[in-house]
1. Show me, for the stretch 43-56, the HN-Hα J-couplings you get by feeding each phi into the Karplus relation (A = 6.51, B = -1.76, C = 1.60, θ = phi - 60°), rounded to Hz, glycine and proline as x.
2. For a distance above 18 Å, tell me the whole-number percent of Cα pairs in the stretch 3-60 that qualify.
3. Roughly how many debye, to the nearest 20, is the charge dipole of the stretch 109-176 about its Cα centre, given +1 on each Lys and Arg Cβ, -1 on each Asp and Glu Cβ, and no other charges?
4. Give me the net charge for the shell around residue 15: Cβ to Cβ below 15 angstrom, other residues only, Lys and Arg +1, Asp and Glu -1.
5. Given axes a ≥ b ≥ c from the Cα gyration tensor, I'd like to know whether the stretch 109-176 is rounded (a/c under 1.5), prolate (a/b larger than b/c) or oblate.
6. Kindly rank 121-132, 58-69 from highest to lowest mean number of other beta carbons found within 10 Å of each residue.
7. Counting Lys and Arg as +1 and Asp and Glu as -1, what is the net charge of the other residues whose Cβ lies under 11 Å from the Cβ of residue 157?
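Where a number appears in this text, it was derived from the coordinates with a stated rule and is not lab data. A quick note: this is a predicted structure, and the numbers were derived from the prediction, not measured. FYI the Cβ positions are ideal-geometry reconstructions off the backbone, even for glycines, and counts take in every protein chain you see.
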Amino acid sequence: MTRERDDRRDRQLFGDLAAGRSCALGGIYDRHAASLFRHACALAGRHADAEDLVHAVFMKLAAMGPDLLGVRQPAAYVHRMLHRAWVDGHRRAATGERLMDGMAGPAAVTPMRSAAEAIDLARALDALPAEQREVVVLHAFDGFSFREIGGLTGVSMFTAAARYRLAIGKMKQRLAPVGQDRQ
């Protein structure tokens, strides 16, 4: 999907949801669930946890009411909600309210030439720290700019770009053919 989203249609759906027309939530889900799930996989690393994060976003959206009327960039808004839900989950885990179990690799969501490439890519992505994995998914898969990613994650665009460069370098090194500089 390209980064050129129909913000006008999204704002219309947000307005409908704010007005109490619950069927608009389905439209928002159809437009953003796949992108949110990829983002959540990058953060959580486990499909079950990613599903929980996406569910939390849509539950919160459903309850927001008139506050949705002021949203100018709905795609960025729902991704910020997802990121905040993930951060809140980590805070709860740090205080002992929730233990997180081991990280499993997110499935690659792009077409590959072979299953082996898909597995290699998923493993290389999974090997990245969560902050770098998040930037790769948001930029490479969903087309967010580094400025937008910075806004979504609460860092500067330069930090987002640096995380991306580091991640791509690590992935290239990990995916290098045998016999080349592979560590």
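1. Going residue by residue, I get 7, 7, x, 10, 4, 4, 5, 5, 4, 4, 5, 5, 4, 4 Hz, with x marking Gly and Pro.
2. Values: 632 of 1653 pairs.
The answer is 38 percent, as a whole percent.
3. Values: 9 positive and 7 negative charges, 52 e Å.
About 260 debye.
4. +1
5. Values: a/c = 2.67, a/b = 1.81, b/c = 1.48.
Prolate, since a/c reaches 1.5 and a/b exceeds b/c.
6. Numbers: 121-132: 17.8, 58-69: 13.8.
The most tightly packed comes first, giving 121-132, 58-69.
7. Working: positive: 147, 163; negative: 148.
Taking every other residue near residue 157 into account, the sum is +1.
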